[in-house]
Amino acid sequence: MRVLVVEDEKKVASFIKRGLEEESFDVDVAHDGEEGLYMAESNPYDLILMDIMLPKMDGLTAIQELRKKDIGTPVLCLTAKDTVDDIVKGLDSGSDDYLTKPFAFAELLARVRTLVRRGQQDRGAEIRFADLRLDPVAHKVWRGNKEIDLTAKEYSLLEYFMRNPNQVLTRTQIAEHVWDYTFDSFTNIIDVYVNYLRKKVDKDYDKKLIHTVRGVGYVLKED
Ligand code: CA
């Protein structure tokens, strides 16, 4: 389980990091909102712990930015301010739960476990994009009513696209997520697989969903 802690108070951040690492979580720390947002966008975390009062960009704005980009990682807000207003604002902006500082580590751990579990259950839920439908439990894919037969790699590639729609995915990102490996000079294998996938997902349909972004990578989008 990978957790991102966005917290500018170094003592609090290292207290959380140490505690979670003892519970076998992998923990990264960011010390301001911009860094936190950047890390959350570029790594697949299972949970984000987000302080509200942060330098450069406040936590609520960072959460809004993430949600705008369709990144649905569960977020637990850490707030020193216990006014109802701030908490409501936090939940409106897309955070999943909050904890008021100061908190006991046991309380934090209980919330973390609940959110991680919930996030994993969500990952079992069907994913839809345009007329594509993917069942992550059965590993099945449909376009409209037609089931599409994919190999394991093609399936993983499509799942990665569908979990990150409307975002340009670089070949490096695709290699790291789908092959768990950095390919560097072998990135044409990705082009080959994207072409396999296109033949099955797009070829027989007027509306193409997988688009090439020249010199950068690929994007799953509707036009
Ligand atoms: Ca703070």
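Computed values, structure above
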{"read-out": "Set of the range 119-140 residues, backbone N closer than 20 Å to the point 7 Å along the Cα-Cβ line of SER24", "value": "119-121"}
{"read-out": "Heavy atoms of THR73 accessible to a 1.4 Å probe, total area in Å² rounded to 10", "value": "20"}
{"read-out": "Which of LYS200, LYS146 is most accessible, then next, and so on - probe 1.4 Å", "value": "LYS146, LYS200"}
{"read-out": "Gyration tensor (alpha-carbon) shape descriptor, the range 2-120, a/c threshold 1.5", "value": "rounded"}
{"read-out": "ASN43/THR212 FRET efficiency (R0 35 Å; Cβ-Cβ; nearest 0.05)", "value": "0.90"}
{"read-out": "Segment GLN121-ASP191, length gained on full extension (0.36 nm per residue, minus Cα span)", "value": "22.0 nm"}
{"read-out": "Heavy-atom accessible area order for ASP46, ASP204, ASP26, largest first, 1.4 Å probe", "value": "ASP204, ASP26, ASP46"}
{"read-out": "Accessible area of TYR98 in the full protein assembly, 1.4 Å probe (Å², nearest 10)", "value": "80"}
{"read-out": "Among VAL201, VAL3, HIS139 the positive-end extreme of the charge dipole of the chain (Cβ point charges)", "value": "VAL201"}
{"read-out": "Cα centroid separation, the range 138-160 to the range 3-74 (Å)", "value": "32"}
{"read-out": "Inverse of mean 1/r across different Cα pairs in the chain, Kirkwood, Å", "value": "18.9"}
{"read-out": "Solvent-accessible area, 1.4 Å probe, carbon plus sulfur percent, for the chain", "value": "49"}
{"read-out": "Positive-end residue, the chain charge dipole about Cα centroid, Cβ charges, pick of PRO74, TYR45, ALA130", "value": "ALA130"}
{"read-out": "Under 5 Å, built H, 5+ apart or other chain: amide partners of GLN167", "value": "LEU220"}
{"read-out": "Choice from ASP131, ASP206, ASP28 with maximal GNM fluctuation in the chain (Cα, 10 Å cutoff)", "value": "ASP206"}
{"read-out": "Most mobile of GLY59, GLY33, GLY124 in a GNM of the chain (Cα contacts under 10 Å)", "value": "GLY124"}
{"read-out": "Listed residues VAL178, LEU150, PHE161: farthest to the positive end of the dipole of the chain (Cβ charges)", "value": "LEU150"}
{"read-out": "With DNA, RNA and ligands ignored, accessible area of SER14 (1.4 Å probe; Å², nearest 10)", "value": "50"}
{"read-out": "Residue with peak Gaussian network fluctuation, the chain [Cα springs, cutoff 10 Å], from GLU107, GLU35, GLU126", "value": "GLU107"}
{"read-out": "Probe 1.4 Å, accessible area per residue of the chain, Å²", "value": "53"}
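The values are calculated or read from the model by the stated rules, or taken from the named source; none is laboratory data. If you're wondering where the values come from, they're calculated on a predicted model, not measured in any experiment. Glycine gets a Cβ as well: all are built from the backbone with ideal geometry, and neighbour counts include every protein chain shown. In case anyone asks, the SASA skips ligands and DNA or RNA and just uses the protein heavy atoms, side chains included. Shrake-Rupley method; radii C 1.70, N 1.55, O 1.52, S 1.80 Å.
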